[in-house]
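Undergrad: Here it is, the structure in full.
Values in this text are rule-based calculations from the coordinates and carry no lab data. All values derive from a computational prediction rather than experimental measurement. Cβ atoms come from the backbone with ideal geometry, glycine included; neighbour counts cover every protein chain shown.
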Amino acid sequence: MSNSSAADNPQIALYFTVSVDAVDLGVFTEVSGLGMNFGTEQKEQGGSIMFTSQLTGRVTYPNLELTRPVGPDSETLMNWLNSITPAFNPATAEVQGLAPDGSVLMKWQLYGVVPVSWTGPTWDAANPAIATEKLELGYQGFL
């Protein structure tokens, strides 16, 4: 059996912090949607029937989905969401993947960030579970 802990394995990121502009939205336990999709187009080469070329096109980004148990940081998140107006300018955000000891394993900086949706907990007395909330953010790219 190994004597190493989860803190010794940089591939195990147990939690994430998220800030949007100057607002620290707190700790999240699940993050998905960090990525880039390259629209590709196939072009046939003149006279060759053996292959086609793949050309890159427009880059798109999936929405960032952040999930965590409802807790003290939920109020900060709700205050930030309630401050959003139709004149909201896209923001910058930083997502930090943290090791169990709190050290930063990786960080991503995003620009053009806008809130897409927030979903609160589902309550079911017949199936007790941890109450979670989910925040979805759109973004235009990485800094």
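Undergrad: Return, for the Cα atoms of the range 41-95, the radius of gyration and Dmax in Å, separated by a comma.
TA: 22.2, 65
Undergrad: Something else about it: Report the residue, chosen from Gly120, Gly33, Gly57, that carries the largest GNM mean-square fluctuation when the chain is represented by alpha-carbon nodes joined by springs under 10 Å.
TA: Highest fluctuation among the options: Gly57.
Undergrad: Just to be sure I understand: with springs between alpha-carbon atoms less than 10 Å apart, which residue in Gln45, Gln54, Gln109 has the highest mean-square fluctuation in the Gaussian network model of the chain?
TA: Gln45
Undergrad: If you scale each eigenvalue of the Cα gyration tensor by 5 and take the root, what three semi-axes come out for the range 96-143, rounded to whole angstrom and sorted largest first?
TA: Ellipsoid half-lengths, sorted descending, are 29, 20, 5 Å.
Undergrad: Here's something else I'd like to know. To the nearest 20 debye, what charge dipole does the chain have about its Cα centre, counting +1 at the Cβ of each Lys and Arg and -1 at the Cβ of each Asp and Glu?
TA: 380
Undergrad: Right, next: Once label points are set 7 Å from the Cα along Cα→Cβ at both Thr122 and Thr92, what is their separation, rounded to one decimal in nm?
TA: Here the answer is 3.8 nm between the modelled labels.
Undergrad: Given H placed 1.01 Å from N in the peptide plane, which residues other than close sequence neighbours of Gly33 have an amide H under 5 Å from its amide H?
TA: The list, which skips near neighbours in sequence, is Glu65.
Undergrad: Under 5 Å between amide hydrogens, which residues at least 5 positions from Val70 or on another chain qualify, with H placed 1.01 Å from N in the peptide plane?
TA: Ala131, Thr132, Glu133
Undergrad: Further question on the same structure: Work out from phi, with θ = phi - 60° and the Karplus expression 6.51 cos²θ - 1.76 cosθ + 1.60, the ³J(HN,Hα) of each residue of the range 63-76, listed in order in whole Hz, and give x for Gly and Pro.
TA: Along the range 63-76, the couplings run 5, 7, 10, 10, 10, 7, x, 5, x, x, 6, 4, 5, 4 Hz.
Undergrad: Per DSSP H run of at least 4 residues, take -39500 (n - 2.57); add these up for the chain, divide by its residues and hand me the 222 nm value, nearest 500 deg cm²/dmol.
TA: Details: 1 runs with 10 residues, N = 143.
The helix contribution divided over the chain gives -2000 deg cm²/dmol.
Undergrad: In the chain, what is the volume of the convex hull around the alpha carbon atoms, normalised per residue and reported in Å³? Before the final figure, lay out the partial values.
TA: Details: hull volume 32.3 nm³, N = 143.
So the per-residue Cα hull volume is 226 Å³.
Undergrad: Hey, any idea what Rg/Rh is for the range 59-143, computing Rh the Kirkwood way over Cα pairs?
TA: Dividing the radius of gyration by the Kirkwood radius yields 1.01.
Undergrad: Which Cα, out of Val20, Asn37, Val70, lies furthest along the positive dipole direction of the chain (beta carbon charges, K/R +1, D/E -1)?
TA: Checked the options; the winner is Asn37.
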